[in-house]
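See structure below.
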Amino acid sequence: DFQHVLVQFDAGVLTITMNRPTVLNAFNDLMLQEMIEIVEATAQDEEIRCVVLTGAGRAFGAGQDLSLFANAQTEESASTAHEHLRAYHRLVMGLQQLPQPVIAAIHGVATGISLNIALACDLRIAADNARLSEAFARIGLVPDGGGAYFLSRLLGSAKALELALLAEEINGAEAERIGLVNKCVPLADFEEVVILLARRLAHGPTRTYGLIKQLFHESQDKDLAAVLQLEGDFQSRAINTADHREGVQAFMQKRPPRYSGK
Ligand code: T3D
């Protein structure tokens, strides 16, 4: 049982809910540790075939809990910041490298490190009340948790730098327009859209999804020849999955596939 995170498992979908609603799910140390523990356990759990990350109450997350920064002495705060960062790095890497598809479900505020954690997920669905911001510069910090990496790749360097420097809030529709989220939907439909997408992914070829994720991540900094080489290695692994065989059989038999995730 966790103090600041709710975990719910249903039909292959693990929903992880950051749960400090009175401070808009701002991260304190315990919530960060609990998130790391859950994500690292999820990586080992083959029953879980899709992950949804969201926030309790009216927000996704308001970043680092600033009361912790406010209480720290200057010297202490530099070393505390390093410790925090190491923990955040573990969470970001853990999320990005999960073998299952991960959806960030973003309603209300998603700012600072909370937004960058959403960027480490594979898909982002925003409600139309979403308020996204790289708020770091507002309090004199650089974007961390992989902000520079994810934003530049998702948006291109010009837009990424604009978000980081101006640190302004953008709404869900604008976030969809610039590619920061995959889709923005009315708040009334938000939960249903997220769960339908999660269930669809949970019924998919999970092992192949993991390979697709890894192939795309590893292709980021390679040239075409290297990517072609890499995709060959990945395709031979995909060809050997039970779900590939099932997919082809289902096609031949003119029926929907029944994927086992293996
Ligand atoms: O360690 C590391 O290296 C990681 C570093 C990470 C840095 C960051 O994450 S930078 C971003 C830090 N976060 C912020 O700067 C956001 C601060 N919050 C706000 O500016 C506003 O709360 C919002 C614009 C997000 C929302 O405004 P609003 O009016 O909708 O809500 P509110 O009334 O301000 O917030 C509700 C409560 O949550 C309020 O508490 P109260 O007054 O009801 O007792 C507020 O203080 C609290 N809260 C919101 N955000 C935080 C927070 N408490 C602590 N830390 C927060 N980040």
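The values are calculated or read from the model by the stated rules, or taken from the named source; none is laboratory data. These numbers come from a predicted model, not from an experiment. Note: ideal-geometry Cβ built from the backbone for every residue, glycine included; neighbour counts use all protein chains shown.
Structure summary
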quantity	calculated
Pair list, Cβ under 9 Å, 6 or more apart: the range 138-158 residue farther than 17 Å from Q97 by Cα and in a loop (DSSP other than H, G, I, E, B), other residue among the polar types (S, T, N, Q) and within 13 Å of the ligand (Cβ to nearest atom)	L141/Q64; P143/N116; D144/N116
Residue in the range 211-244 that is farthest from P101 (Cα to Cα), counting only those that are polar (S, T, N, Q) and at pLDDT 95 or above	Q229
Meets criteria (surrounded by 24 or more Cβ atoms within 10 Å (Cβ to Cβ) and more than 16 Å from the ligand (Cβ to nearest atom)) for R177	no
Selection from the range 25-66 of residues that are among the hydrophobic types (A, V, I, L, M, F, W, C), more than 9 Å from the ligand (Cβ to nearest atom) and either surrounded by fewer than 22 Cβ atoms within 10 Å (Cβ to Cβ) or not assigned by TED's automatic domain parsing to the domain that holds D122 (or both)	L30, M31, I36, I38, A41, A43, I48, A56
Residue check for I139: in contact with a helix residue (DSSP H, G or I) (Cβ under 8 Å, 6 or more places away or on another chain) and either within 30 Å of L211 (Cα to Cα) or modelled with pLDDT under 95 (or both)	no
Matching residues in the range 4-24 - criterion: being aliphatic (A, V, I, L, M), touching a Leu at 6+ places or on another chain (Cβ under 8 Å) and surrounded by fewer than 19 Cβ atoms within 10 Å (Cβ to Cβ)	V7
Elements of type helices (runs of 4 or more DSSP H) in the range 174-262, at least 3 residues being among the small types (G, A, S)	187-202, 224-239, 242-252
Residue in the range 100-112 that is in the same structural domain as A130 (by TED's automatic domain parsing), more than 20 Å from G140 (Cα to Cα) and within 8 Å of the ligand (Cβ to nearest atom) present	yes
Only listed residue being more than 10 Å from the ligand (Cβ to nearest atom), touching a strand residue (DSSP E or B) at 6+ places or on another chain (Cβ under 7 Å) and in the same structural domain as T54 (by TED's automatic domain parsing), chosen from A78, A130	A130
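Condition check ((1) within 13 Å of the chain's Cα centre (by Cα); (2) in contact (Cβ under 8 Å) with a residue 24 or more places away in the chain) across all residues:
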site: Q3; (1), (2): no, yes
site: L6; (1), (2): no, yes
site: G12; (1), (2): no, yes
site: T17; (1), (2): yes, yes
site: F27; (1), (2): no, yes
site: A41; (1), (2): no, no
